[in-house]
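The values are calculated or read from the model by the stated rules, or taken from the named source; none is laboratory data. Please read these numbers as outputs of a predicted model, since none were measured by experiment. So basically every Cβ, Gly included, is an ideal-geometry build from the backbone, and we count neighbours across all protein chains shown. The protein model used for the area step is the full one, side chains on, heavy atoms only, and it has no ligands, DNA or RNA in it. Shrake-Rupley method; radii C 1.70, N 1.55, O 1.52, S 1.80 Å.
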Amino acid sequence: MVKTASTMLPLGTPAPDFSLLNVDSKTVSLADFSDAKALVVIFMCNHCPFVKHLADALAEFGRECQAKGVAVVGISSNDVANYPDDSPEQMVHEAENRGYTFPYLYDEDQSVAKAYKAACTPDFYVFDADQKLAYRGQFDASRPGNDVAITGDDLRKAVDAVVAGNDVPEPQMPSIGCNIKWIAGKEPEYFNPAGTA
């Protein structure tokens, strides 16, 4: 496991397009969320301890967002040949067991993760009603073993600001998690195998 931080994509970046298979075998695309007040994109997976730490809170957060017209989508981009716990079949079970009500999509060729410059699991992005990036960073300051309560404050404040038409407060703190498990030989140029301190 390599501890990795968000790349902090520039604010205002348009949401990169995607069209991926959901756990219900239906294709979900960026265009499906064109009417949302905001769109939260989460790069996540099944096996990562950082995601497991937040999984129940993510399920609750997803339900809250959907109730106020905010779309949430989870995307798993890990190399399933070497990490079979993250396979599409296991994603189906994970979504059911965790109670995820948002789409949980499989990025088989990792092109979507690369388009978003996603680096870690979990990695969070909030796009406004025009699908321009308003926030990227952490859910909150809680990490496995650091005894900080899971609140989702950073992400909730970001979503609330976007829905209200306000700028997201600075500073935006990068998410920290396991590195996305890139297919060997196809790692993006921004991948740092040494990770972060």
Legend entry - Residue pairs, from the table Lys26/Lys117; Lys37/Lys186; Lys26/Lys114, whose Cα atoms sit over 29 Å apart: Lys37/Lys186
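Over the range 52-192, with the other protein chains present, what is the accessible area per residue in square angstrom, probe 1.4 angstrom?
For the range 52-192, the solvent-accessible area averages 44 Å² per residue.
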Inset, instruction - Take peptides 164-170, 64-70 and line them up by average Cβ neighbours within 10 Å, highest first, as a rough protection proxy. - result: 64-70, 164-170
Inset, instruction - Report the residues of the range 6-38 in range of a label on Glu96: point 7 Å along Cα→C-beta, backbone N strictly under 12 Å from it. - result: 24
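Ranked highest first by the average count of other Cβ atoms within 10 Å around their residues, in what order do 30-43, 183-196 fall?
Final packing ranking: 30-43, 183-196.
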Legend entry - Gap separating the Cα centres of the range 124-142 and the range 160-192, nearest whole Å: 8 Å
Inset, instruction - Return the distance in nm (one decimal) between the two label points of a simple spin-label model at Ala141 and Met173, each offset 7 Å from Cα along Cα→Cβ. - result: 0.5 nm
Inset, instruction - Measure off, as a whole percent, the carbon and sulfur share of the 1.4 Å-probe accessible area of the chain, all protein chains present. - result: 50 percent
Legend entry - Extension gain from Ala164 to Asp85, taking 0.36 nm per residue of separation minus the Cα-Cα distance: 24.6 nm
Inset, instruction - Please work out, to two decimal places, the log10 of the ratio I(q)/I(0) at q = 0.11, 0.13, 0.14, 0.22 Å⁻¹ from a Debye calculation in which every Cα of the range 1-121 carries one identical scatterer. - result: -0.34, -0.48, -0.57, -1.54
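Where nothing but the Cβ of Lys and Arg (+1) and of Asp and Glu (-1) is charged, how large is the charge dipole of the range 16-72 around its Cα centre, in debye to the nearest 20?
Charge dipole, the range 16-72, about its Cα centre: 80 debye, nearest 20.
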